[in-house]
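The structure appears right after this line, and notes come after that.
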Amino acid sequence: MLDLDAISFSYQGQPSPSLDRVSLHAGRGQLLVLSGRSGCGKTTVSRVVNGLIPELFEGSLTGSCTLADETTAGMPIYRLSEEVGSVFQNPKTQFFTTDVRSELAFPMENVGKSRAEIQERIGAVASLFGVEQLLDRSMFSLSGGQKQMVAIASSVMLDPKILLLDEPSSNLDSKSIDSLAALLGRLKASGLTILVIEHRLYYLRDLADRFIIIDQGQVIRDLTAGQMAAMGRQEREELGLRALNADQVGKVSGAPSAGQSAIAGFSHPSTRSTGGRPQSEQPSTEPSPAGPGTRLHISKLTFRYKSSPDLALDIPDLTLTNQEVTGIIGRNGAGKSTLAKVLTGLVKPDRQSGFILDDQTQDRKELTRNSFLVFQDVNYQLFCESVEKELALGAQVSEGPLTAPVLLHVAEQLNLQDLLARNPNSLSGGEKQRVAVGCAVTSGKRLIVLDEPTSGLDLYHMNQVTQAIAYLHSLGDIVLIISHDREFLQQTCQRFLTLDRGRIVNDSSSQDR
Amino acid sequence: MRPLCIYTKFALVVFSNALLFVTLPDWLNIIICCYLCALLALSGKVRSCLKWLLVCAVFALGNALAFLYPDNIAGHYLLFVFAGFGKLLPVVLVGALIMTTTKTSELMVGLRGLHLPRWIIIPTSVLFRFFPTIIHDYRQIRAAMRFRGIAVTAADMLLHPLRTMEYIYIPLLNNASTVANDLTSAALTRGITNPKPKTSLYQVTFSWVDAVVLALGCLLTGVAFHA
């Protein structure tokens, strides 16, 4: 069905090739998983297949791509779009219209199908995907998981031969990932050839025919599902791959990575002039010793959105401390992000809600002053032309201005010391994330919330985020993590709060209820 | 109520822009603003209708009190704000009406119906899709600024306008280029450049309400040019 033969590609203005003689074959009804470190060239492969190379991204392309015995070179992108459905990484910008029905109709309108045909196909696809009740909703009102479903539905409207998915699970909770997997199974059974670019591998274990591992633009492994399952942990981690088994993820990599190498730099802790407390050797596996513990006490918290009569949050009593890193888990739409916004003062809860941080009552402005929210999309929080200026912007250290050694120390702790002169915008996703964490540290905040910090990160960058969080914890800050990523949560958090419809339904030291 | 027909909205764009070329007596200006606000309510946006009516009232009042302004720079500045920006109100109102009540698909049908070339239709519809994204981005950036203690209050924004602009623009522009790229990819891989004649699921319906609205619009524009 799909054959790539010795494809090489270099983006214009870049000396080194992004793809180097990549060959792969996918038969009808097969599902191939493309994995590898961030920046290895996975997405570039998908762009060659769907024609965005050379239509939108220019450069030098050699080799041949054959689709159902027809070479795609010289085929205009609108022809190719009838054969190849594409789903992109960011659910926010991958839809073109503003409501679900139009979004599904859009590809069919472009090829000039009649209104009756379009309506019939929308009905069929909507029931296959279980999105009938969303058809008249605005795209902006959908959750990340729902957007993802609509995006996939829209890309199969023309009944393509090949479906390309770029990290489809990165914004989904575990239940939505299960339904994504079930859906991919149905599409595969219907004869669709599917190419999935992904870091999270566990949900594809029983679906994939082959795993193709790419490194520096080259295919370094082409494995059958059996070979992949048999791979040892060490080899897998050397390849920069994440775990294949959701249940084993934490047990395998939990203990060692939390206290390991890069945070050995903990030995000189109090260079920082605020809040530096002595650290335990393994801050994330063993709670820090009770000391001047920072705690946030929340009472009678309720919050509702204007548009809805239901309470979006209802938390009668909750205490968060710096003794453990707390993971906030629950389904998409359970109120996790709303809780983060309330705790950081971005939205105003109902009047009787009380917040006490270390015996001081906090109003909304004080909450904002004492907290920092690292967004899922960190691009919005980077303002400066260099990482160094970024870390210094808004820096507030209790004893006078931020000094150079303190800044350097923070940078070293977060592995940013070599990037200080770089423009934050030119960094990779994982590096940007650490710059934002650094800003939270230099601005002397006591409560730090990270929203989905590992979405789209490979194993290496995930471990770096884990280390950054261990560093925050060692400084004595209250750290909250909102995430769906079990593998990551297992190795960073000691306490798990499960939210469901705005209520805390479980508060325990493990993720499993 | 049902939103207006897309062609009626296009006509409103023409009317409101034509009005910029003539000087309007105050009473007519007020009537035109009320007429446009009423259209918002007609499309079911009652709350935004009331909000804009209030804005119009402030401008009308400011204009009416023009003779009280002191004859110095501050007075001239106030007069400029009320008269200058007040003049733009009809255009802004039509803009608000179109942005809040039009679907992208509807706009594309409308533009195609006018037989405009593709190089106008495609960028216009991408741009139309771009605005809501930019508004969302702006809110995110303002939230991020609060955590860094930059321009937290409105007073800060007014006292340091240049610095504030800089901190808003840099992330906004950085993101805008990514968003533009993503939207283009989404449109290209769904066949927007296909030269075949396009169809549309959306049906353009022209009702008697549209006819009344258009007739009123013609009448008001006619009076404006005559007066």
**OP:** Write out the cysteines belonging to the protein assembly as shown for which the nearest other cysteine Cβ is not under 4.7 Å, or none if no such cysteine exists.
**Re:** A:C40, A:C65, A:C384, A:C439, A:C493, B:C5, B:C34, B:C37, B:C49, B:C218
**OP:** Pull up all non-local amide H partners of A:D350: gap of 5 or more, or a different chain, and H-to-H distance under 5 Å with H placed in the peptide plane.
**Re:** A:T302, A:F303, A:R304
Original post:
Between segment A:102-178 and segment B:1-57, what is the C-alpha centre distance in whole Å?
Top reply: 36
**OP:** Quick one: grab Rg to one decimal and Dmax as a whole number for segment B:71-198, Cα atoms only, in Å.
**Re:** 19.6, 63
**OP:** Give the long-range amide H neighbours of A:G36: residues separated by 5 or more places, or on another chain, with amide H under 5 Å away, using H modelled in the peptide plane at 1.01 Å from N.
**Re:** A:I214
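Which number do you get for Rg(Cα) / (2.2 N^0.38 Å) in segment A:186-246? Before the final figure, lay out each step's value.
Numbers: Rg = 12.0 Å, N = 61, 2.2 N^0.38 = 10.5 Å.
Scaled against compact globular proteins, the figure is 1.14.
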Subject >> Whole-number Å³ per residue for the convex hull built on Cα positions in segment B:116-190 >> reply: 106
**OP:** Could you tell me the distance between the Cα centroids of segment B:68-98 and segment B:151-227, to the nearest Å?
**Re:** 22
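Give the ranking of B:M157, A:M75 by solvent-accessible surface, highest area first, calculated with a 1.4 Å probe.
Of B:M157, A:M75, the descending order of accessible area is B:M157, A:M75.
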**OP:** Using a 1.4 angstrom probe on the protein heavy atoms only, line up B:W52, B:W208 by accessible area, largest first.
**Re:** B:W208, B:W52
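Just flag the trypsin sites (Lys or Arg not before Pro) in segment A:332-411 sitting in loop per DSSP whose Cβ has no more than 11 other Cβ atoms within 10 Å. The partial results should precede the final answer.
Values: sites: A:K336, A:K341, A:R351, A:R364, A:K365, A:R369, A:K389; in loops: A:R351.
Listed in order of number, the matching sites are A:R351.
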**OP:** Please sort through the DSSP H helices of chain B and keep those with an alpha-carbon extent of at least 15 Å along the long axis and a Kyte-Doolittle average not below 1.6.
**Re:** B:26-42, B:86-101, B:208-226
Subject >> Approximate spin-label separation A:T62-A:R295, in nm, with each point projected 7 Å along Cα-to-Cβ >> reply: 6.8
Subject >> Set A:K42/A:K389; A:K348/A:K389; A:K92/A:K341; A:K147/A:K389; A:K348/B:K103; A:K300/A:K336 screened for pairs whose C-alpha atoms are more than 27 Å apart >> reply: A:K42/A:K389; A:K348/A:K389; A:K147/A:K389; A:K348/B:K103
Original post:
What share of all Cα pairs of the protein assembly as shown, in percent, falls into each consecutive 10 Å distance bin?
Top reply: 3, 13, 21, 23, 20, 13, 6, 1, 0
Original post:
Based on the Cα coordinates of chain B, what is the per residue volume of their convex hull in Å³?
Top reply: 164
Original post:
In Å, what Rg and Dmax follow from the Cα atoms of segment A:367-513?
Top reply: 15.4, 47
Original post:
Where the centre of each part is set by its Cα atoms, how far does segment A:420-481 sit from segment A:23-52, in angstrom?
Top reply: 30
**OP:** Give me the accessible area per residue for segment A:2-239, probe 1.4 Å, as a whole number in Å².
**Re:** 38
**OP:** Please report, as a whole percent, how much of the solvent-accessible surface of the protein assembly as shown comes from carbon and sulfur atoms (probe radius 1.4 Å).
**Re:** 57
Subject >> Residue among B:F128, B:F67, B:F85 with the largest mean-square fluctuation in a Gaussian network model of chain B, springs linking Cα atoms under 10 Å >> reply: B:F67
**OP:** May I ask for the angle, rounded to the nearest 10°, between helix A:115-129 and the longest principal axis of chain A, with both axes built from Cα atoms and the value confined to 0 to 90°?
**Re:** 50
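The values are calculated or read from the model by the stated rules, or taken from the named source; none is laboratory data. Small disclaimer: the values here were computed from a predicted structure and weren't measured. Reconstructed Cβ throughout: ideal geometry from the backbone, glycine too, with neighbour counts over all protein chains shown. Just the protein is used for accessible areas: all its heavy atoms, side chains included, with ligands, DNA and RNA removed. Shrake-Rupley method; radii C 1.70, N 1.55, O 1.52, S 1.80 Å.
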